[in-house]
Amino acid sequence: MDNIRFGAFVAQLRKEQGLTQKGLADRLNVTDKAVSKWETGKGFPDVKLLEPLAQALGISLVELIRGEKDPRDSLTAAEAEAVVSQAMDQSQRITARRYLKLLRWLLTSIAAICAVGPLTQLALALELFFTGSKLFATGTSHMGHIGGVDGPTSIFVSSAPLPTWLSVGLPTLLLVLCIILAFRVWKLERKLK
């Protein structure tokens with residue numbers, strides 16, 4: 001089933017009934033934004049809403065799912081099974097896309113968090129390098145500035161340095177892995193459209 005064709009059919013029937021999007025939404029206990037998404041092909045109603053939607057639009061469930069009016073009064077068992085199967089598949093694809101989108105945003109967030117550590121380490125190393133401090137070799141991990149009468153004073157807090165593979169390499173590896181996985185999830189999302 002094509003979302004755009006379905007949406008155009010719903011919009012046509014809604015207008016024939018003299019209903020606004022808000023009016024149809026009120027009959028179905030959904031928002032007018034949900035109806036708008038259906039009509040623009042950006043969404044599909046939940047399977048539980050298909051029968052009430054068909055009733056509100058004055059057509060049969062089969063006609064609604066097919067996206068066209070059918071002059072026949074009945075369907076064969078095979079035709080009815082195909083229509084129901086088509087609606088279920090569409091609903092499952094939409095649910096899968098929602099979960100994939102959530103997973104993609106989670107991976108992107110993890111990647112952003114992983115990028116902060118190495119970038120902070122790099123910024124600190126560059127600042128120490130350009131200021132010519134000898135503390136660069138000791139593995140300084142924190143630096144702050146306070147103001148005084150004679151200008152800002154740098155304060156360095158030294159701690160035992162972490163191995164480079166742990167402080168920079170591991171977050172970088174996790175960053176790359178999250179980016180690759182987020183890209184693959186995005187491709188799966190696109191396939192389900």
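The values are calculated or read from the model by the stated rules, or taken from the named source; none is laboratory data. Everything numeric here is computed off the predicted structure, so don't read it as measured data. Neighbour counts are summed over all protein chains in view; Cβ atoms, including those assigned to glycine, are modelled from backbone coordinates with ideal geometry. The area values use the complete protein model at the heavy-atom level, side chains included, leaving out ligands, DNA and RNA. Shrake-Rupley method; radii C 1.70, N 1.55, O 1.52, S 1.80 Å.
Below is a table of values for the structure above.
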item	result
Residue satisfying condition, being touching a residue at least 40 places away in the same chain (Cβ under 8 Å), in a helix (DSSP H, G or I) and out of contact with any Ser or Thr (no Cβ under 8 Å at 6 or more places or on another chain), within set 101, 15	101
Options 96, 80; residue that is at pLDDT 75 or above and either open to solvent by 80 Å² or more (accessible area, probe 1.4 Å) or not charged (D, E, K, R) (or both)	96
Candidates 82, 87 - the one that is under 26 Å from the mean Cα position of the chain (by Cα), closer than 23 Å to residue 192 by Cβ and not in a loop (DSSP other than H, G, I, E, B)	87
Residues (within 18 Å of residue 61 (Cβ to Cβ), surrounded by fewer than 17 Cβ atoms within 10 Å (Cβ to Cβ) and in contact with a helix residue (DSSP H, G or I) (Cβ under 8 Å, 6 or more places away or on another chain)) located in segment 29-48	46, 47
Residue identified as modelled with pLDDT of 80 or more, at positive phi and open to solvent by less than 90 Å² (accessible area, probe 1.4 Å) among 18, 23, 7	18
Subset of segment 55-70 (residues that are open to solvent by less than 60 Å² (accessible area, probe 1.4 Å), assigned to a helix (DSSP H, G or I) and over 15 Å from residue 82 (Cα atoms))	56, 57
Any pair with Cβ under 7 angstrom, 6 or more apart, that starts in segment 38-50 at a residue that is assigned to a loop (DSSP other than H, G, I, E, B) and ends at one that is among the β-branched types (Val, Ile, Thr) and open to solvent by 50 Å² or more (accessible area, probe 1.4 Å)	41/4
Test result for residue 22, farther than 19 Å from residue 91 by Cα and of a type outside the set (Val, Ile, Thr)	yes
Count - residues of segment 122-140 that are open to solvent by 40 Å² or more (accessible area, probe 1.4 Å) and at pLDDT below 70	6
Enumeration of residues in segment 59-77 that are at pLDDT below 75 and polar (S, T, N, Q)	74, 76
